[in-house]
Amino acid sequence: MEPGTSGPAAGKVPKIALLLRLLAAIDEGRFGFEALKTQIDEERPPSTRTMRRYLAEVAAAGFPWWFDRAAGVYRFEQGYSLRKMRLTSDELFGLLALKGIATSLGGNIGASMGGMTDRLATVADRASVGAAATPAVLVQIADPNLDSEHGQTFVTLQRAQLDRQSVRFTYVDKRGSSSKRHVDLYGFVVSGGRVYAVAHDRGRGAKRVFALDGIADVKVAPQRFTMPADFDIAAFAARSVSGIMHGDESTRITVAYSPVVARAAIADRVVRERAIEKRPDGSVVIAYTVSDAGEFVRWALKWGAEAEILAPANVRSLAATMAAEILARYRDTK
């Protein structure tokens, strides 16, 4: 060994260090083939043949890299990373809330959300994983627990929606009427413990909402479709209490709430569009823009005598009719 050297090849970087540098560079996802060489060893970049051997070795070791031809860079498969995330307090709260929602939902959707949050936790740092291990946030949501048949139906519909593939099925509505449908699926709404599919009905030439538990005999059709650029599932549901009532016309409904429930009414964002007027006595008046007046009146009655629909007159009259029907049911109660 020559004086001043510390190994068989002075200054030579150990192979394991080179491979670790290669993995780190791939994890960044911004280097092409030649750039990877200099990232591995700026002073003595490996030859092309050696570089290809290194890439083959890390792939054989189970590191799922791929070459993004469009960007001209090497990356790991989506969702894979060597880096651990350090979650901020807000991000950690969001993760906890998501786990809480999954716990509340239960069933198929809850299991999917729970699996996703568990995967997120595996790429977080140790402190974040420990904090997120037991959900400290409980979000009460009606459980859309699907039986095995409807669970498989939901899986089929989700795949068709993601693949932009039309489907055919038999549908039984709330009145028991059965019909054959051919639809393009735009999205799904979970509401009141049920799952609904929002779709363009090819036979009727309009958007329709289908309760998942009324769908049977699903078949993926050969036709494909393009999602309308202006369709937004959140906007579609924004003016409906349940998220599933939709129409071209909307109604502005004004409701007065007593001081007893005023803060709760403000917190209950039942629809997206609303205007709030707080009054000196602690009461509040809220104006809502809704798609279906009947659906909204049924929701407003949950506040009992602590809420009063003020306008418009026809909706106030509808509330009075519903209240009278309820009273008639209980009039003879002793």
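Go through (1) under 10 Å from Val183 (Cα atoms); (2) outside any loop (DSSP other than H, G, I, E, B) one by one and return the number of the condition Ala235 breaks.
Failing condition for Ala235: (1).
For the list (1) of a type in the set (Val, Ile, Thr); (2) modelled with pLDDT of 95 or more; (3) outside any helix (DSSP H, G or I), I need the number of the one condition that Thr333 fails.
All conditions are met except number (2).
Would it be correct to say that Arg263 is closer than 30 Å to Arg279 by Cβ, open to solvent by 40 Å² or more (accessible area, probe 1.4 Å) and either out of contact with any His (no Cβ under 6 Å at 6 or more places or on another chain) or acidic (Asp, Glu) (or both)?
Details: closer than 30 Å to Arg279 by Cβ: yes; open to solvent by 40 Å² or more (accessible area, probe 1.4 Å): yes; either out of contact with any His (no Cβ under 6 Å at 6 or more places or on another chain) or acidic (Asp, Glu) (or both): yes.
The answer is yes for Arg263.
Restricting the search to region 154-169, which residues are in contact with a strand residue (DSSP E or B) (Cβ under 6 Å, 6 or more places away or on another chain) and open to solvent by 20 Å² or more (accessible area, probe 1.4 Å)?
Listed by number, the residues that qualify are Thr156, Gln161, Arg164, Gln165, Arg168.
Residue check: is Ala293 within 28 Å of the chain's Cα centre (by Cα) and free of Cβ contacts under 8 Å to residues at least 12 places away in the same chain?
Numbers: within 28 Å of the chain's Cα centre (by Cα): yes; free of Cβ contacts under 8 Å to residues at least 12 places away in the same chain: no.
Answer is no for this residue.
Among the residues in region 189-196, are any open to solvent by less than 30 Å² (accessible area, probe 1.4 Å), out of contact with any Leu (no Cβ under 7 Å at 6 or more places or on another chain), of a type in the set (A, V, I, L, M, F, W, C) and over 20 Å from Asn145 (Cα atoms)?
Checked region 189-196: no residue is open to solvent by less than 30 Å² (accessible area, probe 1.4 Å), out of contact with any Leu (no Cβ under 7 Å at 6 or more places or on another chain), of a type in the set (A, V, I, L, M, F, W, C) and over 20 Å from Asn145 (Cα atoms).
Name the single residue, out of those in region 21-72 being assigned to a helix (DSSP H, G or I) and among the basic types (Lys, Arg), that is least open to solvent (accessible area, probe 1.4 Å).
Only one residue fits best here, namely Lys37.
Of all residues in region 203-240 being of a type in the set (Val, Ile, Thr) and touching a strand residue (DSSP E or B) at 6+ places or on another chain (Cβ under 7 Å), which is surrounded by the most Cβ atoms within 10 Å (Cβ to Cβ)? Quick ask: steps written out before the conclusion?
Taking region 203-240 as the starting set, the residues that turn out to be of a type in the set (Val, Ile, Thr) are 209, 215, 218, 220, 226, 233.
Still in the running and touching a strand residue (DSSP E or B) at 6+ places or on another chain (Cβ under 7 Å): 209, 215, 218, 220, 233.
On the way: Val209: 19, Ile215: 22, Val218: 16, Val220: 14, Ile233: 13.
Looking at the filtered set, the residue picked out is Ile215.
The values are calculated or read from the model by the stated rules, or taken from the named source; none is laboratory data. Quantities reported herein were computed from a predicted structural model and do not represent experimental measurements. Methodologically, a virtual Cβ is constructed for each residue, glycine included, from the backbone with ideal geometry; neighbour enumeration extends over all protein chains shown. The protein model used for the area step is the full one, side chains on, heavy atoms only, and it has no ligands, DNA or RNA in it. Shrake-Rupley method; radii C 1.70, N 1.55, O 1.52, S 1.80 Å.
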